[in-house]
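Enquirer: Next up is a structure, given as C-alpha cells.
The values are calculated or read from the model by the stated rules, or taken from the named source; none is laboratory data. Treat the numbers as computed from the prediction; the structure is a model and nothing was measured. Using ideal geometry, Cβ is built from the backbone for each residue, glycine included, and neighbour counts are taken over all protein chains shown.
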C-alpha cells in the first residue's frame with residue numbers, strides 16, 4: 001500500500017466513514033496547501049499530548065493549563081455533588097447529559113456494554129474499577145444510564161447483581177422508561193407502551 | 001374536472017397520499033377489470049353501512065353480526081375492567097395500545113388535541129362527552145395518553161384542569177416519560193434526558 | 001375476513017401501498033361521513049364505465065363526450081404525426097413523455113417488458129398487436145423507449161430482432177443514452193460513462 | 001479555542017463532515033493510543049511530501065519512486081493516446097472515468113465550473129492553462145465532460161466559445177446525453193426525455 005491507501009485505511013476507522021468517503025478525504029488533503037496539512041498534523045500531536053484519561057471517571061479529557069494531571073475537571077470540581085454517580089457506556093453519552101443541564105452529579109464511563117453471552121466480563125467493561133470507585137465512599141446513589149436495547153438491559157441487570165451487595169446503604173436506580181419527545185403512540189413498540197403505562201404518574 | 005381528476009382529488013385526501021400517487025391510483029384503477037372496481041365499490045358501501053361510532057368511547061367500529069347497535073365490542077364487554085379509562089387522541093392510537101396487550105381497561109377517543117392558542121375548545125375535542133362519560137360513574141382512574149409534543153402537553157394540562165374538580169375520588173395520571181426502546185443517550189434531546197433522570201427507579 | 005379486512009387487502013394491491021397504510025386507509029374511510037363514501041363509490045363506477053382500452057395504442061383512456069368509442073384522443077387525432085411510433089412499457093410512461101412536450105408522434109403501449117429467461121413471450125408483451133399495428137402501414141420509424149435495465153435492454157433487442165424483417169423501409173431506433181440531468185461523473189456507473197463517451201457530440 | 005475545538009474546526013472542512021461528526025472524530029482520536037495518532041500524523045506529512053500537482057493535467061498525484069517530478073503517471077505514459085483530451089471539473093471525476101475503463105486518452109482538470117454571472121473567469125477555472133496545453137499541439141479532440149446542471153452547461157458553452165477559434169482542426173465534443181442506467185421514463189425530467197429522443201439511434 002502506498003501512503004494515500006494507508007491513510008484511507010486509517011480514515012475508514014473513523015466513526016461513520018466508509019471506503020468512498022475515506023478516499024475523498026485523501027483527495028481533499030492532497031489538494032490542500034502544505035500549511036493546512038502541517039497545522040492538522042500539529043493539532044493531532046497536541047491533542048495526543050494534551051489528552052489524559054481520568055483516573056476516577058475514566059473519560060478522556062483535555063488537560064487544562066494548571067489542571068491536575070490525573071483527574072478531569074468534573075471529578076476534581078468540589079462544587080459538584082459527589083453523592084450521585086451516573087454510569088454510562090461511553091464518553092459521548094457524558095457530553096449529551098452534561099449539555100442537557102439536568103444532572104448535577106459525578107459520572108463513571110463503563111467503557112462498553114456487557115455482551116449477552118459472555119463470561120469474561122472484565123474484558124468488556126470497567127466493573128473492577130467501578131467497584132473500587134464505589135468503595136472509596138461518598139456515593140449514595142448509582143444511576144445506570146444505558147440505551148434501551150437487549151445489551152443495555154443485560155448490562156443494567158449485570159451491574160445491579162454485581163453492585164447489590166457491595167454496600168448496604170447504596171441505592172441503585174436506572175433511567176426512567178416511557179414516551180420520549182415526539183414519540184407517537186400509533187408508531188410505538190409494545191415495550192414502550194408497556195413502560196409508559198407502568199410508569200404513569 | 002372529469003371523473004379521473006375528481007377521483008385523484010379524493011385520493012389526495014387519503015392519509016399520506018400526494019398528487020403523484022393519487023394519479024397513479026387512478027391509472028391503476030383504469031387498467032383493472034370491471035370486476036375489481038365493482039368489488040371495491042361494493043366493499044366501500046358495505047364498510048359504510050357496517051360502520052358505527054361507539055356512543056361510549058366514540059371510536060368507529062365495524063358492526064358485528066349480533067352486535068349491539070350503539071356500543072363497540074370493547075365498551076360492551078363486561079369482562080373488561082371498567083374502572084380505568086385511557087384517553088387517546090384518535091382511533092389508530094387505540095389499535096396500537098390494544099395490540100401491545102399491556103392495557104386491560106376501557107378507552108375514550110378525544111377526537112383531537114387542544115390547540116395551544118384557542119378558546120373554543122369544544123370544537124376540537126370531546127371534552128363535554130368525556131365529562132358525561134366520567135359522571136356516569138365507575139371510573140376510578142383516567143390515564144391521559146398523548147404524544148409528547150407541545151400540543152400533546154397542552155391537552156394533558158387542559159384535561160387535568162377540567163377534570164380535576166369533577167369527582168373527589170378520581171385519579172388522573174399521564175403516561176410515563178423517559179427512554180423509549182432504542183433511544184440512545186448520545187442522540188437524546190434535553191427533555192428526554194431530564195424525564196429519564198427525574199423518573200429513574 | 002370481515003369487510004374492513006377485505007378492503008385492506010384490496011388497498012394493498014394499490015401501487016406503493018403496504019399493509020400498515022392499507023389499514024390506515026380503512027380507518028380513514030370509517031371516520032368519513034356517508035356522503036364521502038358514496039361519492040367515492042360513484043366515481044369509481046363512473047371511471048369504470050368511462051374507461052376504454054384504445055384499439056390502436058392499447059392505453060387506457062377516459063371516453064370523452066362525443067369521442068369515438070374504440071380509439072383514444074391521440075390515436076384519433078389526425079394532426080398528430082403518424083409516421084413515428086414510440087413503443088413504451090406502460091401507460092404512465094406515456095404521460096411523462098406527453099407532459100415533456102418533446103414528442104409529436106403516436107404511441108404504442110407494449111404492456112410489459114420481456115423477461116430474460118422466457119420462451120412464451122406473447123404472454124408478457126403485445127408483440128402480435130405491435131406487428132399488426134405496423135403492418136397497417138404509415139409508420140416509418142419505431143422508437144423503442146424502455147428503462148435502462150437488463151430487462152429493458154433485453155426487450156429492446158427482442159423487438160429489434162422481431163421487427164427487423166417486418167418491413168424493408170422501417171427504421172428502428174432506441175432512446176439515446178448518456179448523462180441525465182443532474183448526473184455527476186463522480187457517482188456515475190461504468191455503463192453511463194461508456195455511453196456518454198461513445199455518444200459524445 | 002482549545003486544541004480539540006481547533007481540530008473539530010478543521011474536520012468540519014473535510015468533504016461531507018458537519019459539526020457533530022467533526023466532534024465525534026475528535027472524541028474518537030482522544031481515545032486512541034499514542035501510536036495511532038503518531039502514525040496518522042506521519043502519514044499526513046508523508047502524503048504532503050509525496051503529493052505533486054501535474055504540470056500538464058493539473059491533477060494532484062502521488063510521486064512514485066523513480067517517477068518524474070513534474071508530470072503525473074498518465075501524462076508521462078507514452079502508450080496513452082495523446083490526441084484526445086478529456087476536460088473535467090475535478091480530480092475525483094478523473095478517478096471515476098479511469099475506473100470505468102472506457103476512455104484511453106489524456107485528461108485536463110479544469111479546477112472548477114464557470115459561475116453563470118461572472119466576468120473574471122480565470123479566477124475560477126484554468127482556461128489560460130488549457131489554451132497553453134492545446135497550443136503545444138498533438139490534441140485533435142477535446143471532450144468536455146461536466147455535470148448536467150446549469151453551471152455545467154454554462155462551462156460547456158464558455159469553453160466552446162473560448163476554444164472554438166484556437167486551432168482550425170480542433171474537434172470539440174461534449175459527453176452524450178440521454179437515459180442513464182436505471183433511469184425510468186416515468187420519473188424523468190423533460191430535459192432528459194428531450195435529449196433521449198433527440199439522440200436516439
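Enquirer: If you go through segment A:11-46 one residue at a time, how many are within 11 Å of residue D:41 (Cα to Cα) and surrounded by 18 or more Cβ atoms within 10 Å (Cβ to Cβ)?
Expert: 5
Enquirer: Here's another thing I want to ask about it. Can you go through C:119, C:136, C:123 and tell me which one is under 18 Å from residue C:71 (Cβ atoms) and surrounded by fewer than 18 Cβ atoms within 10 Å (Cβ to Cβ)?
Expert: C:136
Enquirer: Additional query: If I filter segment B:29-48 for residues that are in contact with a helix residue (DSSP H, G or I) (Cβ under 6 Å, 6 or more places away or on another chain) and part of a strand (DSSP E or B), do I get at least one hit?
Expert: The answer is no; no qualifying residue exists.
Enquirer: Kindly establish whether residue B:25 is in a helix (DSSP H, G or I), more than 7 Å from chain C (Cβ to nearest Cβ) and at pLDDT 90 or above.
Expert: It is false that residue B:25 is in a helix (DSSP H, G or I), more than 7 Å from chain C (Cβ to nearest Cβ) and at pLDDT 90 or above.
Enquirer: Restricting the search to segment A:96-116, which residues are in contact with a helix residue (DSSP H, G or I) (Cβ under 9 Å, 6 or more places away or on another chain), surrounded by fewer than 17 Cβ atoms within 10 Å (Cβ to Cβ) and more than 13 Å from residue A:58 (Cβ to Cβ)?
Expert: A:99, A:101, A:102, A:115, A:116
Enquirer: Something else now. Being farther than 25 Å from residue B:88 by Cα and modelled with pLDDT of 95 or more: is that true of residue A:116 here?
Expert: Spelling it out, it is not the case that residue A:116 is farther than 25 Å from residue B:88 by Cα and modelled with pLDDT of 95 or more.
Enquirer: On to the next question. Only one of these conditions is not met by residue B:64: (1) more than 12 Å from every other protein chain (Cβ to nearest Cβ); (2) exposed (fewer than 15 other Cβ atoms within 10 Å of the Cβ). Which number is it?
Expert: (1)
Enquirer: Of the conditions (1) within 14 Å of chain A (Cβ to nearest Cβ); (2) in contact with a strand residue (DSSP E or B) (Cβ under 6 Å, 6 or more places away or on another chain); (3) more than 23 Å from residue A:201 (Cβ to Cβ), residue B:72 fails just one. Which one is it?
Expert: It fails just one condition, (1).
Enquirer: Filter segment A:82-97 down to residues that are outside any helix (DSSP H, G or I), more than 8 Å from the chain's Cα centre (by Cα) and under 18 Å from residue B:183 (Cα atoms) and give me whichever is farthest from the other protein chains (Cβ to nearest Cβ).
Expert: A:87
Enquirer: Out of A:2, A:38, report the one residue that is more than 28 Å from the chain's Cα centre (by Cα) and more than 7 Å from chain D (Cβ to nearest Cβ).
Expert: A:38
Enquirer: Looking only at segment D:56-74, count every residue that is in a loop (DSSP other than H, G, I, E, B) and within 15 Å of the chain's Cα centre (by Cα) and tell me the total.
Expert: So the count comes out to 6.
Enquirer: Restricting attention to segment A:149-184, report how many residues are surrounded by fewer than 22 Cβ atoms within 10 Å (Cβ to Cβ) and under 14 Å from residue B:201 (Cβ atoms).
Expert: Adding up the residues that qualify gives 6.
Enquirer: Give the residues of segment B:1-21 that are part of a helix (DSSP H, G or I) and either within 14 Å of residue C:39 (Cα to Cα) or modelled with pLDDT under 95 (or both), sorted by residue number.
Expert: B:3, B:4, B:5, B:6, B:7, B:8, B:9, B:10, B:11, B:19, B:20, B:21, listed by residue number.
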